[in-house]
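Inspection log for the structure reproduced underneath, given as structure tokens.
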Amino acid sequence: MSLLSIKHLTLTLEDHTILQSVSFDIAEGEVVGLIGPNGSGKTTLFNVLSGFLQPTSGTVTFRNTDITRTSPSKRAQLGIGRVFQNFGIFREMTLEENVLVALEALPREQRKQLGDLKKLTHDTLKMVGLEHSAKKKAGSLSGGQMRLLEIARTLKSGKELFLLDEPTAGVSPKMTSQVADLIGELKREGKTVIIIEHDLPFISRICDRVIVMDVGKIVLSGTPKEVKESKQLQELYFGEVFVDAH
């Protein structure tokens, strides 16, 4: 059964078509990688899925409900969580406060379902090995630690579908492994994840399926092995995607 269904999604801005009839389904519990050259429309697609951009035509359906024109806040309430490429961390707040603010912003019914928010905050920080730094300001963290904190607090928010935009950007090899572990934990919990990523070895390690975009269209879809071995992908990237930057 599809958790998310995208049909003929098109976006035109100032006579420039950014997305061209994009269609795919995401099954519940599936981890899908979204790759493609810079400018291929990946982040724009995420902006449409999370409600920050309205498509020119086409539909977005989540749990059999049409959310094409639904606001970002309503989508978050429905269970769609997003981790942005740029940090959404409050640097002058402590780590503990950063997590609590995110949890307390949830609708009342969701907060009740999560139980004791202070315990959940501790568990969230422990998940990424930062529980001993709970009282420190987030600005004291390394870039990689901030990335882990941002991902962890989103993962603990009770969402069902997670949109992760380049979660390993600026992250060390050790922390990249921690990010993979976090996503693996989500998978074990039956959550659904779509990941924009340039690191194909990372994608191959954690994803069930890979979707390749170019010039606003889906040009290839399959298992990580099928996509990696595709001549079409090699022509698209001229080999650069096969270099493990970490």
Filter result for Ile194 (part of a helix (DSSP H, G or I), crowded, with 22+ Cβ neighbours inside 10 Å and within 18 Å of the chain's Cα centre (by Cα)): no
Does Thr121 satisfy the condition of being farther than 20 Å from Ile195 by Cβ, of a type in the set (Val, Ile, Thr) and out of contact with any helix residue (DSSP H, G or I) (no Cβ under 7 Å at 6 or more places or on another chain)? no
Tell me, yes or no, whether segment 93-108 has at least one residue that is touching a residue at least 40 places away in the same chain (Cβ under 8 Å), farther than 28 Å from Arg147 by Cα and in a loop (DSSP other than H, G, I, E, B). no
Hey, among Ile183, Ile206, which residue is under 14 Å from the mean Cα position of the chain (by Cα), closer than 30 Å to Phe24 by Cα and at pLDDT 90 or above? Ile206
Suppose the filter is more than 16 Å from Gly170 (Cα to Cα), surrounded by fewer than 18 Cβ atoms within 10 Å (Cβ to Cβ) and out of contact with any Lys or Arg (no Cβ under 6 Å at 6 or more places or on another chain); does Leu117 pass it? yes
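Could you list, in sequence order, all residues of segment 53-84 that are hydroxyl-bearing (Ser, Thr, Tyr), in contact with a Leu (Cβ under 8 Å, 6 or more places away or on another chain) and closer than 20 Å to Leu11 by Cα?
Hits for segment 53-84 are Thr56, Ser57, Thr59, Thr61, Thr70.
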Pairs only if they're at least six apart or on different chains, beta carbon under 6 angstrom, first in segment 193-221 and touching a residue at least 40 places away in the same chain (Cβ under 8 Å) and over 16 Å from Gln232 (Cα atoms), second assigned to a strand (DSSP E or B) and among the acidic types (Asp, Glu); list them, first residue then second. Ile196/Asp165
Out of (1) surrounded by 22 or more Cβ atoms within 10 Å (Cβ to Cβ); (2) hydroxyl-bearing (Ser, Thr, Tyr); (3) in contact with a strand residue (DSSP E or B) (Cβ under 6 Å, 6 or more places away or on another chain), the one Ser157 does not meet is (1)
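Is it the case that Ser177 is surrounded by fewer than 23 Cβ atoms within 10 Å (Cβ to Cβ) and without any contact (Cβ under 8 Å) to a residue 60 or more places away in the chain? Don't jump to the end; show me each part of the working.
Details: surrounded by fewer than 23 Cβ atoms within 10 Å (Cβ to Cβ): yes; without any contact (Cβ under 8 Å) to a residue 60 or more places away in the chain: yes.
So Ser177 passes the test.
In the list Leu141, Leu163, Leu130, which residue meets the criterion of being within 21 Å of the chain's Cα centre (by Cα) and surrounded by 16 or more Cβ atoms within 10 Å (Cβ to Cβ)? Can you show your working first?
On the way: Leu141 fails: within 21 Å of the chain's Cα centre (by Cα); Leu130 fails: within 21 Å of the chain's Cα centre (by Cα).
Being within 21 Å of the chain's Cα centre (by Cα) and surrounded by 16 or more Cβ atoms within 10 Å (Cβ to Cβ) holds for just one of Leu141, Leu163, Leu130, which is Leu163.
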Count of residues meeting criterion [closer than 16 Å to Ile194 by Cα and either part of a loop (DSSP other than H, G, I, E, B) or at pLDDT below 85 (or both)] in segment 218-242: 1
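Yes or no: Lys126 farther than 27 Å from Arg75 by Cβ, out of contact with any Lys or Arg (no Cβ under 8 Å at 6 or more places or on another chain) and in a helix (DSSP H, G or I)? Break it down into steps so the answer makes sense when it comes.
Details: farther than 27 Å from Arg75 by Cβ: yes; out of contact with any Lys or Arg (no Cβ under 8 Å at 6 or more places or on another chain): yes; in a helix (DSSP H, G or I): yes.
It is true that Lys126 is farther than 27 Å from Arg75 by Cβ, out of contact with any Lys or Arg (no Cβ under 8 Å at 6 or more places or on another chain) and in a helix (DSSP H, G or I).
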So Leu236 clears everything in (1) in contact (Cβ under 8 Å) with a residue 40 or more places away in the chain; (2) surrounded by 22 or more Cβ atoms within 10 Å (Cβ to Cβ); (3) of a type in the set (A, V, I, L, M, F, W, C) except one condition, right? Which one? (2)
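The values are calculated or read from the model by the stated rules, or taken from the named source; none is laboratory data. Everything numeric here is computed off the predicted structure, so don't read it as measured data. Please note: Cβ atoms are built from the backbone with ideal geometry, for glycine as well, and neighbour counts cover all protein chains shown.
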